[in-house]
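This report refers to the structure that appears directly beneath it.
The values are calculated or read from the model by the stated rules, or taken from the named source; none is laboratory data. Since the structure is predicted, the reported quantities are computational estimates derived from the model, not experimental observations. When we count neighbours, we look across all protein chains shown, and the Cβ atoms used for this are built from the backbone with ideal geometry, even at glycine. Accessible surface is based on the protein model in full, side chains and every heavy atom, while ligands, DNA and RNA are left aside. Shrake-Rupley method; radii C 1.70, N 1.55, O 1.52, S 1.80 Å.
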Amino acid sequence: MIAQPWPVMLHRRYGTAKASELFRTLQHAQCLPDYTVRLPQIGVSGLIPPMSVFFKITRYSFCFVALVSCWLDEARADQVLPNILWITSEDNGPHLGCYGDSYALTPHLDSLAKRSLRYTLASSTAPVCAPARTTIISGIYPPATGAEHMRSMTRLPADIKMYPVYLRELGYYCTNNAKEDYNLEKVGQVWDESGRKAHWKNRPNGKPFFAIFNHTISHESQIRNKINPANRIHDPAKVRIPSYHPDTPEVRKDWAQYHDRITMMDKLVGNNLKQLEEAGLADDTIVFYYGDHGSGMPRSKRWPYFSGLNVPLIIHVPEKFKYLAPPEYTTGGSTDRLVGFIDLAPTLLSIAGAKAPSHMQGHAFMGKHTAPAQKFSFGFRGRMDERYDMVRTVFDGRFVYIRNYMPHKPYGQYLDYMFQTPTTRVWHDLYHAGKLNPSQSIFWQTKAPEELYDLKTDPDETHNLAKSKDHLATIKHLRKAHRNWAKDVRDIGFLPEAEIHSRAGKGSPYEMGHDNNRYDFDAVYQAANTASRKGKKTTEKLAELTESGDSAVRYWAAMGYLIRGKSGVRKGRAALNSALSDESPSVRIIAAEALGRYGNKGEGERAAEVLMQYADPAKNGISISMLALNALDVISEYTAPHRKALGKLARTDPRASSRMRNYANRLIDRILSKSK
C-alpha cells in the first residue's frame, strides 16, 4: 500500500493545529496510554514543521485507533483528486489530422488536441498489444518480468502490485472497459470493475475515478474484414504508401481502410468525451488519449521500428488542475519529450500525489513527482505469437538504434495471423517473384546485427546507417545506452523462454533475474553479444562458450554457430553434435536446428529425430514445443519421414495459458502443409 505514516498524512491534510487538536481530544477522552512511545521527528520537505509524537498503549487503544481512522477517512474525503479518463485505441499510430496527416479525418481528436498537449515522440515500449499493456499495468519493462513474449504468462513478486491497486488505495474507483491482455497473473482485486459494463458512472457518490475505455475498431483485424460502404470514405488512390511497401491495389485498399477505421474510432472517442461533458465532469477530469502501438499494417505492428512504437498521446488538463500538468504544457501545443508506456503508471501515481514504488522503472512526466526528461526511449521485441525473435531498441529523439540478437531470422517470418492481411501476402509474393526494389525487399531478408536510422532524413527507416563512418559516434553512444539499460533492468529475455520459467521455479521471473546465482546477466549477455556478431574473433570464442556451466551461455554458443550458417556448422560441428545430448532441451533444439539446416544428411536426419522428441506441447510444454516446431519448420527436407507422427501430436499444452494454446497447432499445420 502506498501510504505515508499517519502523522505525516494528518499534517498534510489538516496542518499542525488540527493535528494537535487530535491529541487534545484523545487526552480529554482519557484514551491516554499506559506507557509512552516516541515517534521520530517528522517533517515534509520543509512544508510542514517537524513534530514529535508521544502516545501510550493501553486497553483504550481501540479508542485511539478508531478516532484516527475517522480522521483519515475524513481527510481522504476532503482531498481533491482529479478524475482521470483514459481513452485508448488499438493498432494505430499518429495517423490523425492533429498530427499533420492531411489524409486523416479525425475531428473529435483534432478538437481535443486544440485544448490539450500532444506528444510527438511517445512510445508504446512494445510494438504489440499484450507486452505493451503488460508494460503499463506493471510499470516494469516486460524483459525484466519474463513477460516480453506475446501472450505468455508469468507472475510478479508477491510485494509488487498492478498500478490500479495503488490507485484504489489512494481513493480512486478504477474501471477498465474492457481489454486487459496482460502477460502477468492478476492477483486479488485489481479493478473495481473490468468488463464491457465497467464505467465511471458506477462509482460511489463523491469518489474520484480512474476509467479506461478501449476501442478495438482500429485493430489489425478490422483492416481486412468487411466494412459498411457508408464508412468507406478514404480514397485509396490518395493514400500515402510507405517506401518499404509495394504500391499495389491491395496495399492501397488496406491503408485506406486503416484510415476509415481510425475515423470510426474517432467518433467513439467523441462519445466518451460527450458523456463526460453531459455529466458536468469535464472540468474535474484529466483526459489521456493514446494508441496502444503502431499501425496494424505489416512492419509497423510487431516491429520495434519507430513506425511500430510511435503512438499518438494527447493529454488534456482542466484549468483547476493545471498545477499537475506536464512542465511543457501549453493549450493546443506539442512536445518532443521522450515518454513511453513504461512511464504511465508512475505518472498516474504522481497525479494522485504519490511517489511511485521503487520497483517501477519509468519516470513520471506530470503531477507532483514529475521527473526530469529522459535522454532515451527503450523498446523491445520478443516472440510474436508462434515465432521467436529477440530485438532491443534505443531512441534518442532522432536516431533509432536496433539490436538484433537473432539476425539469422528474417523480419517477415511466416506468422499465421499477420498473413491474413492482404498486404502481407501480396508483398511476400512480389518479393519471391523478384518484383520489389531494395527498400521493399529488406523485410523478407535476414537481419543485420545492428541497425541505425536517422528519422530526420529517413522517416520510413529504410537506410541502415549502422556501418556509416559518419555515424560511428552515434551508434557507439546508443549501443552503450542499450547495454546499460539491459543490465539496469535485468533483462531476462536473453534466456530461452522455457528457462525463464524453470529458473524461476515457484517464485517470479523478476526475482530470479535479480538473483546472480540463478541468472548471471554479464555472462549470458556477453555470450549473446558474441553469438550475434559475425567475425573471426567472435566465432573463435564460441567453442569456449559451449563448455560453460551455464545452459544459457551454451544456448547462445549453439545459436552463434546457427547464425553463421554453413561456415558456423563447419567450425562447430563437433560441439554441435555433442550439444544434441545437452542437459538443456533448449540447447539441444538450437544445435539440432543448426545441423538440420547446414549439416550433412546424416546430421540432418538425427537433428529431425531430436526435434521430434520435443515437438509435442502436451509432453514438453508450450515453450519447448514451439522452439522445436520452429526448427522443424525450417528443415522441411527432413520432416517428411515424420509427417505421420507430426499429425498425431497433441495440438495444445493443457497447462499453458489459454491465450497461447493455439500456437503449437499453427506451427504443426504449417509444417504439414509444406511437407505434402
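Points to keep in mind about this one:
- Global geometry of the range 396-523, whether rounded, prolate or oblate, following the gyration tensor of its Cα atoms and the 1.5 cut on a/c: oblate
- Based on the Kirkwood approach, the hydrodynamic radius assigned to the range 230-313 is 14.9 Å, with every pair of different Cα atoms included.
- Shape box of the chain [Cα atoms, principal axes, largest first, Å]: 93, 62, 53
- Dividing the radius of gyration of the alpha carbons in the range 548-676 by their Kirkwood radius gives 0.97 for Rg/Rh.
- Residues in the range 371-529 average 41 Å² of solvent-accessible surface per residue, probe 1.4 Å, ligands and nucleic acids excluded.
- Rg of the Cα atoms in the range 236-382, relative to 2.2 N^0.38 Å, amounts to 1.24.
- Per residue, the accessible area of the range 73-188 comes to 28 Å² when a 1.4 Å probe rolls over the protein heavy atoms.
- 10 Å beta-carbon shell around Arg479, net charge (K/R +1, D/E -1): +3
- Rh by Kirkwood over Cα pairs, then Stokes-Einstein D for the range 485-576 at 1.306 mPa s and 10 °C, µm²/s: 117
- By the equivalent-ellipsoid construction on the alpha carbon gyration tensor, the range 165-257 comes out with semi-axes of 40, 16, 11 Å, ordered largest to smallest.
- Aspartates and glutamates whose Cα lies under 14 Å from that of Lys435, excluding same-chain neighbours fewer than 8 positions away: Asp247
- Across the range 332-375, Cα-Cα pairs more than 17 Å apart make up 26 percent of the total.
- Over all pairs of different C-alpha atoms, the range 269-308 has a mean inverse distance whose reciprocal, the Kirkwood radius, equals 12.4 Å.
- Taking the Cα atoms of the range 349-425, the ratio Rg/Rh between the radius of gyration and the Kirkwood radius comes to 1.15.
- A Förster distance of 22 Å, applied to the separation of the beta-carbon atoms of Asp460 and Arg115, puts the FRET efficiency at 0.10.
- Each principal axis of the Cα atoms in the range 602-676 has its own extent, and those three values, largest first, are 37, 21, 18 angstrom.
- All alpha carbon pair distances within the range 442-490 were sorted into 5 Å bins beginning at 0; the resulting P(r) in whole percents reads 5, 18, 22, 23, 17, 12, 3.
- Charge tally around Asp454: other residues with Cβ under 15 Å, Lys/Arg +1 each, Asp/Glu -1 each, net -3.
- Computed from the Cβ-Cβ distance with R0 of 51 Å, the FRET efficiency linking Lys541 to Asp416 stands at 0.85.
- Inverse mean reciprocal Cα-Cα distance (Kirkwood Rh) of the range 315-470, Å: 18.7
- Using a Förster distance of 45 Å, the FRET efficiency for Asp283-Asn228 (Cβ separation, nearest 0.05): 0.80
- Gyration tensor (Cα) of the range 87-154, equivalent ellipsoid semi-axes in angstrom: 30, 12, 9
- Charge tally in the Cβ shell below 14 Å around Lys375, where Lys, Arg are +1 and Asp, Glu are -1, Lys375 excluded: -1
- Taking the DSSP bridge list for the chain and keeping only pairs wholly inside it, about 55 percent are antiparallel.
- Along its three principal directions, the equivalent ellipsoid of the range 286-340 from the Cα gyration tensor extends over semi-axes of 28, 11, 8 Å, largest first.
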